[in-house]
Each structure stands twice: as structure tokens, then as C-alpha cells.
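Below: the structure, in C-alpha cells.
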Amino acid sequence: MAKKVVGLLKGAAITGVAIGGASALTGADLVFAQEIQEEVNTETELVTEQSIEETYVQEQQDEYDLYSYETVESAEEAVAEAEEEITATEELKAEAEIEKDTIVENLVSAQTEQNTVANELLEAQNQKAAVEQDMVEREQAYHEAGYDQEGLDEQQAVVDEKAEEEAAVRETLSEQGKNLTLDNYYKNEGRQLAKEMILYKLILTGEVSAEDADKVFFGENFNHDYEDKHYCVKYVKIIDDEPVYVERYFDYVTCDEEGNSMFQGLVENENDSSLAAGINVVEKTPTYKVWTEDPHKVSTYEKNVSGKIKNQTVFGYTFHAAQRDEKAGFYAEEGQQKKGVDWYTQKQYQQDANNRNEYKEFVETVTNTLSNLDSKIAELTTTLSNVTNRINTLREDLEDIQVEIQGYDNKVDYLKDKVDALNGRIQDIIAAQQTQNNVEPEIVVTPQIEESLQIEESLQVVEAPQAVETEQVVEISQASVQRTASVVASRTIEESQVPATVTQVEEEVAQPAVEASARQVVIQPIQEVQVPLAVVDIEAEDDMPQTVTIQEQEIAKAAEVAKSFVSWNGSTLPLLGTIAGFVGLTKIKRDDSEAK
């Protein structure tokens, strides 16, 4: 007798009558089936739940299509191909790593170049800003000095020409050892140079516009003594949109090498051609007969006053101006000369002229500098943009190559997992072959259809009252079942093979007598056939027979064969096969017990 049962009937021999995919059993066997159906249903639900879980696991295992390899040779060939592909992929990865190193090297170089260009660009921009700031300051000083006055360039050219003439005559007289009072030096050279210098400064200081420069009146009074010689200069100045009459008195003296005026009485000889170095313009201070605020400044009135106020027409305007008191002469404060005070020296003019010339040169230089800086900045900006674009491209290339390398890594991991899975498959095939070689000849096991099953309740099989007298229980223990093989048990009935599997019965059998359908079936007698037991993993005694003969009368005890039978739905066929298997097993046990 079997010691324990560790498997579950997955398929069983078909008993009864098989007609067109349906089956019919006698009432006694239906009672037997009714008692175990509820337990079978419970087991089937467990199988279904576990089958769902195992289906997911199976899908994971099927990722590499393992079950397409049915022999060790085909699986080993797949392993070799995968390992060869791993080697090729790792070579591609190595090439990609080299390319990545090159990209990184180029990226570092480009970033260094970017920093260098950026610094050069910043330096050029700072240099440009400094030059522009310097130019702004110089331009402001140039403007405040009056160097940008219109017409000043033309007047400066005239002054320079007169200064050259004066210097030439003076040097000639010096070479000849002559005094400056000879050869009309003062009248022809000194006086003319002084006049142009006066006009230059009037334009420079904004007293007279270039447009009105030729309208300035120069009254010459040089027939007087040394202190009374003078230019009477008259012009109109616009103040608050109103014309204002201006009257001023100028004279000139020689100067030394340092530019100091040489007044008569203060030097040994102001007319020495060897000591004189040029001409300085001095301004005299007149005294007026009438005045409004200052007796030394001309005042204008609404009408003339005989001997005191007279008409003065300048720039087309007529003014009633006070008359100078000639008897009083020119006024000089203590420490000053009546001849006049320095107003515009030769040194001052030379400084102004040099400043204007230098500023022009500065503007020209700065213009070129700014132009060069602009070109340099534009070039550096373009270079920086190109380098930045190259860096961006290299970064994209780096990201791409990293993705490519990661792809190779993923592929290698996949292939290695596949190799492991294939090696596992090889072991499974070998194990399956060994198991198949050791299996009993009457037991047909199909590993390809294996599925897991958890059995939570023990199944007790009770022999029907009309079948046996002693009640025997076959217990299928859940604790002893880990995995259950799917077995296809079949027998030949009239040379036809019908597979059977356990499924859940949809409707319970309530009573032996079942209403028959309108369709009548033709009954064929059941022959005495050898039926293999559909039992998996059953530990049985050595003398237990592998097959059992089920007599026709044993199946048809409780009913007459000639009666009409119920045509059962195809879904009950596996259950009936299972019941038949248990009936056969019970009979074996009974016979064995009687024999003892």
C-alpha cells in the first residue's frame, strides 16, 4: 500500500462512454463524483491563483525565449553566440571610451581657449572703455578751453604765419646786431602779430564769433608816447539775447626766452634783438568821463551828452557810449605798468596752439585705437561665439557618447544575463533528460506543461457506499506538495486518444438521477481495458501493479445500461476521469487488502 501521496491528479483515464466529446457515467459513480467535486473546486482555485503568479515568472523567464532551445547543443550554440556578441560589444564600448576621452580632451582644450578669449575680450573692452573715458575727459577740457570754437583753426593759421614773419625779422636784426626799433620791426611785425593774437583770443574765449571776427574794430593809436600807445578794440557781445557794446584797449611789448614781458624801465633794453624772443599782448585800463558802475569800464546810455557821451556804431548796432578821459590817461594799480598788464602772452598762445594740435593728434590716434579695438572686440566676440558653440557641440557629443556607452553596458548586462539563463536552461534540459531516463514506463510526465500549485486543504476521497464496504481515505497533504507536474493520462477507446485535465465543475451534481436532454445517445458497451493510473509522484509498494482492470459491471452497478443517459457537458470530462482514477486506485487497495 502506498505510504503517502505527494502529487495531484492532473489528468486521468477516461471511463464510461465517450461519444463526440461527451461522457456518461452511472448513478453510483456520479455520487462518488459529487462528494469530491467541492474539494476539487477548491484545489482548482488554488491552482488558478498560483498559475497567475507563475505566469508572470514564466514571462520573465521567456524574455530570452529559453524554451525555444530544446537541446543542450542548441542552447550551447546560443551561449557561444551571446559570448561572441559580448566580446564585439565590449570592443565597441572600448572604441567609444577612446572617442569619449578624445571629446573630453577637446572639451577641456576648448574651455581653456574660451577662458583665454574671454579674458582677451574683457581686456579689450576695458581698454576701449578707458580710451573712451580719456577721450571724453579730453574733449570736455578741449571744449572748456574754447579750443573747439568755430573759426579758430583759420585764425590760428594766421597767427602762426605772423609769428613766423616776426621771428624771421627779429633773428635777422639780431644777426645784424641791430636794435628792434630799426627797420619798422614794431609797426610791420610786432603790431600785426599782436592784432592777430588779440583776435585769436577773442574767438577762443567766445567774446567774438568766427562770423563776426572780421567786424571787430581795431583803432590804432601808436603815435603817442610809450605808455599811451594802444589798440582801441570795439565789438558787440550778445548777452541774454541782447547786444552789448564792448570797448577795450590793448598794447604789446617784447618778451624774453621765458615769455616774460620786457617793460621799459624794468629791463635794461626791451629793444635788444638778441634778448627779445617774441611779442606779448597787454591790456590797458582806461578811465571814462562818465560811468554807471565802474569808471574803468565803458557804459552806455539812452542818449548822447556832448563831450561825455557819443555814438558808437559796431556790428551794425549804434550805442550811446561814454567817452574815455584821455587827459587822465590809462590807469594802473600799484605795482602795475600803465603800459598794461599781460593779457595774452606768446607762451600762452603757443600752449593753446600746441594743446589744440595735440588734441587733434590725440583724436586721430584715439579714433584709430578705438577702430582697432572695435575690430579686435568683434573678432574676439566671433571667436568666443565659435568656441562656445564648439563647446556646446562637444557637450552634446559627450552626452551622446555616454548614452552610447551606457547602451553598450546595458547590452553586455543583458547578454550576460542571457548567458546565465541559457546555462540554466542547459542544466534544466540535462536534468529533464536524467529524470526522463529514470521514470517508470507507465508514467508519462510532460515537463513542458509544469505549473505550480498550492493546496490549502487536504482532499479526502471516500468510497461510495455501493462500491466498497470499508471506508478508505486517501489524503493528499499540502505540506508534501511543492511543485506538481502536469500529466497527460490517456487511454485508447476504440483507437481514439483523448487528453484530460482537471478543471472546475461549473454546476454541482445534486442527485443521481439527472434530467436527460432531449437528445438520445446510442450506448456502446465498455470493454475490459487496461487503464494506466494518472497519479504523479505516488510512493507505492513494489508489488503494486501498474495497471488495473475495471470490469464493466463494476461501473454499472447502480443503474441499467439500457436506460437513457445524460449527455454531459465537455467541461465534466476531466472530473469524471479523475473520479475513475480514484476508483481504480481504491480497487487496487481493496484487492491488495483481501489478498493479505
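Worth a mention:
- Counted residues, the range 404-423 - those being free of Cβ contacts under 8 Å to residues at least 60 places away in the same chain and either touching a strand residue (DSSP E or B) at 6+ places or on another chain (Cβ under 9 Å) or within 14 Å of Glu77 (Cα to Cα) (or both): 1
- Across the range 329-373, the qualifying residues are those that are open to solvent by 50 Å² or more (accessible area, probe 1.4 Å) and small (Gly, Ala, Ser), and the one among them that is nearest to Val233 (Cα to Cα) is Gly335.
- Where Asn386 falls short, out of the listed (1) at pLDDT 95 or above; (2) outside any helix (DSSP H, G or I): (2)
- Some residue of the range 152-175 being basic (Lys, Arg), open to solvent by 60 Å² or more (accessible area, probe 1.4 Å) and assigned to a helix (DSSP H, G or I): no
- Pair list, Cβ < 6 Å and 6+ apart or interchain, from the range 232-256 residues that are free of Cβ contacts under 8 Å to residues at least 60 places away in the same chain and closer than 13 Å to Thr318 by Cα to residues that are open to solvent by 30 Å² or more (accessible area, probe 1.4 Å) and basic (Lys, Arg): Val244/Lys237; Val246/Lys237
- Of the residues making up the range 131-162, those that are in contact with a Leu (Cβ under 9 Å, 6 or more places away or on another chain) and over 17 Å from Lys201 (Cβ atoms) are Val131, Glu132, Met135.
- In the condition set (1) in a helix (DSSP H, G or I); (2) surrounded by fewer than 20 Cβ atoms within 10 Å (Cβ to Cβ), Leu202 is compliant with all but (2).
- Within the range 354-403, if we keep just the residues that are basic (Lys, Arg) and touching a residue at least 40 places away in the same chain (Cβ under 8 Å), the residue that is farthest from Leu152 (Cα to Cα) turns out to be Arg395.
- All positions within the range 374-409 that are touching a Lys or Arg at 6+ places or on another chain (Cβ under 8 Å), exposed (fewer than 14 other Cβ atoms within 10 Å of the Cβ) and of a type in the set (A, V, I, L, M): none
The values are calculated or read from the model by the stated rules, or taken from the named source; none is laboratory data. Predicted model, so just to flag it, every value in this text is computed and none were measured. Using ideal geometry, Cβ is built from the backbone for each residue, glycine included, and neighbour counts are taken over all protein chains shown. Just so you know, the surface numbers come from the protein's heavy atoms only, side chains and all, with ligands and any DNA or RNA stripped out. Shrake-Rupley method; radii C 1.70, N 1.55, O 1.52, S 1.80 Å.
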